[in-house]
Amino acid sequence: MTFRGEPQYMFSYGMNTNNGGMRARCPRAVNLGRAMLYDHGFEFRYHANVYADHGNEVVGVLWQMDQEAMKHIDIVEGYPSYYERELHWVDCDDGNQYHAWVYKMNPGSQVALPDQGYLSMVHDGYVENDLPTDQIWTAMEKCHECYDNQH
């Protein structure tokens, strides 16, 4: 695949782990496989989110994209009002490190359970890409704990 300009990399940990969804949104994106983002945690704020958390790690999928695809993902992610994006180094299963865009929710939203359709899309993406689903279930437990503490 040829890209216009330098390739961009995006680390995905939520709905963009889903191969079918990504093919529909960005047909020219290339799945580079499983990747790890260090010193971050994973949570649901209705949608998936990562946050700085020293000593923890988030598993996800690394995508190689062109600038056109990144602009489209920016729209899908509600950048810059809903999600912001930052460059972070991620380790990919191919043995290389990549400087990848990571979308993070802007402040203001609270931990909240995702709806069933969104959760299914994320879970399917994890299964398709052979990602361990334990970070999904840990985040779901955190949502339940927050809900229980509020009531």
Restricting the first residue to segment 47-58 and requiring it to be over 14 Å from Met36 (Cα atoms) and surrounded by fewer than 22 Cβ atoms within 10 Å (Cβ to Cβ), which pairs with a second residue that is of a type in the set (Phe, Trp, Tyr) and at pLDDT 95 or above meet a Cβ separation below 7 Å and a spacing of at least six or different chains?
His47/Tyr118
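Conditions tested, residue by residue: (1) more than 23 Å from Thr138 (Cβ to Cβ); (2) at pLDDT 95 or above.
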{"site": "Val59", "(1), (2)": "no, yes"}
{"site": "Gln67", "(1), (2)": "yes, no"}
{"site": "Leu87", "(1), (2)": "yes, yes"}
{"site": "Gly95", "(1), (2)": "yes, yes"}
Residue in segment 115-151 that is modelled with the lowest pLDDT, counting only those that are closer than 12 Å to Arg45 by Cβ and over 14 Å from the mean Cα position of the chain (by Cα):
Cys146
Residue among Met65, Met36, Met70 that alone is aliphatic (A, V, I, L, M), surrounded by 15 or more Cβ atoms within 10 Å (Cβ to Cβ), farther than 20 Å from Tyr118 by Cα and in contact with an Asp or Glu (Cβ under 7 Å, 6 or more places away or on another chain):
Met36
Positions within segment 85-114 being in a strand (DSSP E or B), out of contact with any Asp or Glu (no Cβ under 9 Å at 6 or more places or on another chain) and without any contact (Cβ under 8 Å) to a residue 60 or more places away in the chain, in sequence order:
Glu86, Leu87, Trp89, Asp91
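The values are calculated or read from the model by the stated rules, or taken from the named source; none is laboratory data. Owing to the predicted nature of the structure, the values given are computational and were not obtained by experimental measurement. Methodologically, a virtual Cβ is constructed for each residue, glycine included, from the backbone with ideal geometry; neighbour enumeration extends over all protein chains shown.
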